[in-house]
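Participant: First the structure, then my questions, so here it is.
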Amino acid sequence: MAITPLPADYHMHTPLCRHASGEPTELAAQAVKVGLSEIGFSEHNPMMRDDWDDWHMRQADLDNYVAKVEKARRDHPQLTIKLAMEVDFIPGHEEWIRDLAARHPWDYLIGAVHYVSDSWDLDNPKKLSEWKQRDPNDVWTSQPKDCPVGRASKCADYLRFRCSRRRRSRHEFP
């Protein structure tokens, strides 16, 4: 019986986001062990302020993140390892994302919507009580012009979080 190869995992985080474990080289070793031929690290982007929340990479860690992924590439040359970021889109922060996108040769960017306002990251376990105060349909069907998903689709290669994966040209910006 033929074994179907496992698909690549392109959504992997590191301890730099403060909610994942395993260094890139350790995760790459495990990927080789289970038979993956390709993986992609997509750490949460640094936010404009390091005190924004407690689950994004800090600004000072961005170059270190890239170095850790490059080390994993050197340690595991038989494995294709992509360098990426999962970038949060919040209206008014597009210039920050453009700046981050220009800093390194990313293989892809995943556009994510975790925040529906500056203060509500809707999938944060510490803020689940916010859902009791809102109609979920209102949250998901907010006015399209204010929806970060619409903006994200112009600044990322893939969209994540209640969105279908839609390929865009490499780092296309409006």
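The values are calculated or read from the model by the stated rules, or taken from the named source; none is laboratory data. What you see is a predicted model; the values in this text were computed from it and never measured. For neighbour counting, all protein chains shown are included, and Cβ atoms are generated from backbone atoms with ideal geometry for every residue, glycine included.
Participant: Out of (1) in contact with a Leu (Cβ under 6 Å, 6 or more places away or on another chain); (2) within 21 Å of Leu109 (Cβ to Cβ), the odd one out for Leu6 is which?
Facilitator: Among (1) in contact with a Leu (Cβ under 6 Å, 6 or more places away or on another chain); (2) within 21 Å of Leu109 (Cβ to Cβ), Leu6 violates only (2).
Participant: Which ones in segment 84-113 are within 16 Å of Arg49 (Cα to Cα) and either part of a loop (DSSP other than H, G, I, E, B) or of a type in the set (A, V, I, L, M) (or both)?
Facilitator: Val87, Phe89, Ile90, Pro91, Gly92, His93, Ile97, Leu100
Participant: A follow-up question, please. Go through segment 75-133 and count every residue that is of a type in the set (Lys, Arg), out of contact with any strand residue (DSSP E or B) (no Cβ under 9 Å at 6 or more places or on another chain) and without any contact (Cβ under 8 Å) to a residue 12 or more places away in the chain. First the steps, then the outcome.
Facilitator: Taking segment 75-133 as the starting set, the residues that turn out to be of a type in the set (Lys, Arg) are 82, 98, 103, 126-127, 132.
Applying the additional criterion that residues be out of contact with any strand residue (DSSP E or B) (no Cβ under 9 Å at 6 or more places or on another chain) yields 98, 103, 126, 132.
Subsequent filtering for residues that are without any contact (Cβ under 8 Å) to a residue 12 or more places away in the chain retains 126, 132.
Selection size over segment 75-133: 2.
Participant: Still on this structure: Any residue in segment 24-37 that's surrounded by fewer than 15 Cβ atoms within 10 Å (Cβ to Cβ): show its pairings with residues that are part of a helix (DSSP H, G or I) at Cβ separation under 9 Å, as long as the two are six or more apart or on different chains.
Facilitator: Glu26/Ala72; Ser37/Ala31
Participant: Any residue that is at pLDDT 90 or above, of a type outside the set (Phe, Trp, Tyr) and surrounded by fewer than 17 Cβ atoms within 10 Å (Cβ to Cβ) - is there at least one of those in segment 114-121? Lay out the reasoning, then the answer.
Facilitator: Just the residues of segment 114-121 that are at pLDDT 90 or above, to begin with: none.
Taking every residue of segment 114-121 in turn, none turns out to be at pLDDT 90 or above, of a type outside the set (Phe, Trp, Tyr) and surrounded by fewer than 17 Cβ atoms within 10 Å (Cβ to Cβ).
Participant: Which residues, counting only those in segment 46-66, are buried (at least 18 other Cβ atoms within 10 Å of the Cβ) and under 20 Å from Thr25 (Cα atoms)?
Facilitator: Met57, Asp61, Leu62, Tyr65, Val66
Participant: Among (1) under 14 Å from Leu16 (Cα atoms); (2) crowded, with 21+ Cβ neighbours inside 10 Å; (3) at pLDDT below 95, where does Val69 come up short?
Facilitator: (3)
Participant: Can you name every residue in segment 1-52 that is within 15 Å of the chain's Cα centre (by Cα) and either in a loop (DSSP other than H, G, I, E, B) or of a type in the set (S, T, N, Q) (or both)?
Facilitator: His13, Thr14, Arg18, His19, Ala20, Ser42, Asn45, Pro46, Met47
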